[in-house]
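Trainee: Mind having a look at this structure? Questions to follow.
The values are calculated or read from the model by the stated rules, or taken from the named source; none is laboratory data. Predicted model only: the values in this text are computed from it and were never measured. As a convention, Cβ positions derive from the backbone with ideal geometry for all residues, glycine included, and neighbour counts pool all protein chains shown. Just so you know, the surface numbers come from the protein's heavy atoms only, side chains and all, with ligands and any DNA or RNA stripped out. Shrake-Rupley method; radii C 1.70, N 1.55, O 1.52, S 1.80 Å.
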Amino acid sequence: MKPITEQTIPHHIAEQLGTIHKITFPEQGCTSQVAILHTDQGLSVLKKSAGTQFAAWLKQEAYVLDCLATTTPSVHLHVPQMYHFLQCEDAEDGLQSWLWMEHIQGETIYQALMREQNPIKQRDILFAFGQSIRQLHDTPCPAGLQTEGKWLDHILEQSEYNLTHYKVDGNAELLEHLQNNRPADIQQTLIHGDCTMDNVLIHEGRVTGMIDWSGGAWGDPRYDVALAMESIEELSQAEKGYEAFFAGYGERIITDEEYDYFQKGLYEFF
């Protein structure tokens, strides 16, 4: 995929940016390129994905951000404001999606934990992490994200599609296990869908926002919790990390078996 440069930015976005003084690139995943644009208007974020699958994910993220902008969220739920989205064809990249949006101040929860050496402050960060996810789940879900049927039905269908059409870590045997061993139903809420430490930002001890919203949905909150737990599992004092996280969340809504189902099972297809 061609890198984001001043010359490759689509005209419809470039004409709104004005003078670009600098472009910097934060750490990011493998499904998209993310650039921070330094302009006369301040900082903003430009995200680009290429190829059928990843371009569709970025289009879905734009849709979710648009839906969240029309609801009345919790005052604690800060999601980026979308400025412009477009799709186009490129001779080299094929289908491209471009999403221009607000820049949110802060570093990721993961970066904050790696930088902070004080165990008490680390627990404070994890408490804030859990608290932010609970506030997300308590936020009214916008009508545009509320779908008929159960989220788990839809996500299992998508898992089967991904297994057939894309390269995933899961396999047919795992998918059959997930289909035949579904966890008990739980009240659905607004979910993020990829609630790892890398997608929650914090500044001066306060969570400032959540990014990467392509999985946002009316869904199972245990999925968010499972992905958050997986990122805590990598810490040297994981059990204390879990305690701080669930103290912030307010309760432990997931069993060990449900954690395995969502994080070590369902997530393998995404």
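Trainee: If each residue of separation counts as 0.36 nm, what is the full-extension length gain between Ala247 and Glu107 once their alpha-carbon separation is subtracted?
Mentor: Length gained between Ala247 and Glu107: 48.2 nm.
Trainee: So between Glu157 and Lys240, what do we pick up on full extension, going 0.36 nm a residue minus the alpha carbon distance?
Mentor: This chain segment gains 26.3 nm when fully extended.
Trainee: Determine Rg/Rh for the chain; Rg is computed over alpha-carbon atoms and Rh is the Kirkwood hydrodynamic estimate from the same atoms.
Mentor: With Rg and the Kirkwood Rh in hand, the quotient comes to 0.96.
Trainee: In what order, largest first, do Cys67, Cys88 sit by accessible area if the probe radius is 1.4 Å?
Mentor: Correct descending sequence by accessible area is Cys88, Cys67.
Trainee: Determine the calculated [θ] at 222 nm for the chain from helices alone, applying -39500 (n - 2.57) to every DSSP H run no shorter than 4 residues and normalising by the residue count; nearest 500 deg cm²/dmol.
Mentor: When only DSSP H runs of four or more count, the value is -12500 deg cm²/dmol.
Trainee: Now, a different point. When the label point is put 7 Å from the Cα of His177 along its Cα-to-beta-carbon vector, which residues of the range 243-260 have a backbone N closer than 12 Å?
Mentor: 260
Trainee: What dipole magnitude, in Debye to the nearest 20, does the range 177-270 give about its Cα centre under +1 on Lys/Arg Cβ and -1 on Asp/Glu Cβ?
Mentor: Value, rounded to 20: 200 debye.
Trainee: Quick one: which residues, 5+ away or cross-chain, put their amide H under 5 Å from the amide H of Asp90? H built at 1.01 Å from N.
Mentor: Residues meeting the criterion, in which the H sits 1.01 Å from N, are Leu95, Gln96.
Trainee: With each label point set 7 Å from Cα along the Cα-Cβ vector, what nm distance links Gln7 and Gln117?
Mentor: The answer from the label model is 4.5 nm.
Trainee: Shifting gears a bit: Considering only Cα-Cα distances, which of the following residue pairs are longer than 27 Å: Lys121/Lys264; Lys59/Lys167; Lys22/Lys48; Lys2/Lys59; Lys167/Lys264; Lys59/Lys121?
Mentor: Over 27 Å apart, Cα to Cα: Lys121/Lys264; Lys59/Lys121.
Trainee: Further question: How many nm separate the modelled label positions at Phe25 and Thr39, each set 7 Å beyond the Cα in the direction of the Cβ?
Mentor: Between Phe25 and Thr39, the simple spin-label model gives 2.1 nm.
Trainee: Something else about it: Using the charge dipole of the chain (Lys, Arg: +1 at Cβ; Asp, Glu: -1 at Cβ; taken about the Cα centre), state which of Ala62, Cys30, Thr5 has its Cα farthest towards the positive end.
Mentor: Thr5
Trainee: Distance in nm between label sites at Gln187 and Ala143, each 7 Å beyond Cα in the beta-carbon direction?
Mentor: Rounded to a tenth, the inter-label distance reads 2.2 nm.
Trainee: Follow-up. With every protein chain kept in the model, how would you rank Ser49, Ser236 by accessible area, 1.4 Å probe, largest at the top?
Mentor: Sorted descending by solvent-accessible area, the residues read Ser236, Ser49.
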